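Written below as structure tokens is the structure these notes are about.
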Amino acid sequence: MTDDHRGGASRHVEVDVDGAGVATLTFRDAKGLNILATPVVERLTGLLDDLAARPELRVLVLRGSGDRAFSAGADVHEMARLEPGSARAFIRRLARLCETVRTFPVPVLARIPGWCLGGALELAMACDLRISSTEGRFAMPEIEVGIPSVIHAALLPRLVGAARARRLILTGETVDARTALDWGLVDQVVEADQLDDAVRRAAERLAGFGPLVVRQQKRLLREWEEQGLCEAVEASVAEFGAAFETGEPQERMQRFLARKRG
């Protein structure tokens, strides 16, 4: 069921929220490869802002329509008409979209059935977990069309290491799903006909945890990316105590102990 009254659908983006608090955000464009043209980027960002304000939300699945691609990246036709000023505005919109995903308050899963290129790979890297079919194909081909890989391409060395990041960014080379898994670019690879089940199982597992601790842990993971080790360790002491103010640890631990006794 499309959640039209609380997020909505358009020709660019569709939102579905199930009873367990799992939202699926599906984006598309007329070119069939879910190209990230400005109308798609703006609509996605607006809906993400709306979804982020919903306290009942537990997990977000981000996907393109169909099974050809997560997305083949930013719109080259649109970029070919850019000048310096409009280029800065274009890339800032895409940066805001990626950052909205990266800092989204609940875990975000990327469903990747096929092509995942350039700006779309940056969007996928901003997600918390990436699940690919064996048909997944990954590349940062910007250098082939005369532009650098920027914004959330900066996440790439953290995920795959400096040498592999250099290789992808400087050569524009395409790697397959198995290579992406070996490098740490994706978290799971399954056969194409098992992709939706794998995404559903991952989403259900995350949705089954205490919602407050999941949000707390997601926030901590993002804060750790900006902190030094000693600072992160010390800040975590206070966070541990704060968790017990919610009541979730007490409830979950008693449930765990009751199962053990049974």
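Is there any pair with a first residue in region 48-63 that is on the phi > 0 side of the Ramachandran plot and among the hydroxyl-bearing types (Ser, Thr, Tyr) and a second that is assigned to a strand (DSSP E or B) and surrounded by fewer than 24 Cβ atoms within 10 Å (Cβ to Cβ) whose Cβ atoms are under 9 Å apart and which are 6 or more apart or on different chains, and what are they?
Hits for this filter: zero, empty list.
So that you can scan it fast, the table gives a plain yes or no per residue for (1) within 15 Å of the chain's Cα centre (by Cα); (2) without any contact (Cβ under 8 Å) to a residue 12 or more places away in the chain; (3) surrounded by 16 or more Cβ atoms within 10 Å (Cβ to Cβ):
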residue	(1), (2), (3)
186	yes, no, yes
191	no, no, no
201	no, yes, no
210	no, no, yes
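So, residue 71, is that one assigned by TED's automatic domain parsing to the domain that holds residue 192, at pLDDT 95 or above and in contact with a Cys (Cβ under 8 Å, 6 or more places away or on another chain) or not? Full working, then the answer.
Values: assigned by TED's automatic domain parsing to the domain that holds residue 192: yes; at pLDDT 95 or above: yes; in contact with a Cys (Cβ under 8 Å, 6 or more places away or on another chain): yes.
Judged against the criteria, residue 71 is a match.
With 93, 111, 102 as the choices, which residue is surrounded by 24 or more Cβ atoms within 10 Å (Cβ to Cβ), of a type outside the set (Gly, Ala, Ser), closer than 26 Å to residue 136 by Cβ and modelled with pLDDT of 95 or more?
Working: 93 fails: surrounded by 24 or more Cβ atoms within 10 Å (Cβ to Cβ); 102 fails: surrounded by 24 or more Cβ atoms within 10 Å (Cβ to Cβ).
On inspection, the qualifying residue turns out to be 111.
Suppose we filter 92, 88, 81 for residues that are basic (Lys, Arg), over 19 Å from the mean Cα position of the chain (by Cα) and within 20 Å of residue 44 (Cα to Cα); which single one remains? Spell out the reasoning first.
On the way: 92 fails: over 19 Å from the mean Cα position of the chain (by Cα); 81 fails: within 20 Å of residue 44 (Cα to Cα).
Of the residues listed, the single one that is basic (Lys, Arg), over 19 Å from the mean Cα position of the chain (by Cα) and within 20 Å of residue 44 (Cα to Cα) is 88.
Can you name every residue in region 232-245 that is surrounded by 12 or more Cβ atoms within 10 Å (Cβ to Cβ) and either among the small types (Gly, Ala, Ser) or at pLDDT 95 or above (or both)? Before you say what the answer is, go through the steps one by one.
Going through region 232-245, the residues surrounded by 12 or more Cβ atoms within 10 Å (Cβ to Cβ) turn out to be 232, 235-236, 239, 243.
The answer is 232, 235, 236, 243.
Between a first residue in region 141-153 that is free of Cβ contacts under 8 Å to residues at least 24 places away in the same chain and in the same structural domain as residue 120 (by TED's automatic domain parsing) and a second residue that is part of a helix (DSSP H, G or I) and not small (Gly, Ala, Ser), which pairs have beta carbons less than 7 Å apart while being 6 or more apart in sequence or on different chains?
From region 141-153, the pairs are 148/142.
Can you name every residue in region 159-190 that is of a type outside the set (S, T, N, Q), touching a strand residue (DSSP E or B) at 6+ places or on another chain (Cβ under 7 Å) and not in a helix (DSSP H, G or I)?
Scanning region 159-190 gives 172, 173, 175, 176, 185, 186, 187, 189, 190.
Here's the yes/no breakdown for (1) over 21 Å from residue 100 (Cβ atoms); (2) part of a helix (DSSP H, G or I); (3) among the hydroxyl-bearing types (Ser, Thr, Tyr):
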position	(1), (2), (3)
47	no, yes, no
54	no, no, no
61	no, no, no
77	yes, yes, no
85	yes, yes, no
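Can you run down the residue pairs with Cβ atoms below 6 Å, 6 or more apart or on separate chains, where the first is in region 164-180 and among the hydrophobic types (A, V, I, L, M, F, W, C) and the partner is in a loop (DSSP other than H, G, I, E, B)?
Filtered contacts from region 164-180: 168/140; 169/140; 169/149; 177/134; 177/136; 180/186.
Can you pull out the residues in region 127-155 that are of a type in the set (A, V, I, L, M, F, W, C) and surrounded by fewer than 22 Cβ atoms within 10 Å (Cβ to Cβ)? Outline the logic, then answer.
Of the residues in region 127-155, the ones of a type in the set (A, V, I, L, M, F, W, C) are 127, 129, 131, 138-140, 143, 145, 147, 150-151, 153-155.
Correct list: 129, 139, 143, 145, 147, 150, 151, 153, 154, 155.
The values are calculated or read from the model by the stated rules, or taken from the named source; none is laboratory data. What you see is a predicted model; the values in this text were computed from it and never measured. Neighbour counts run over all protein chains shown; Cβ positions are idealised from the backbone, glycine included.
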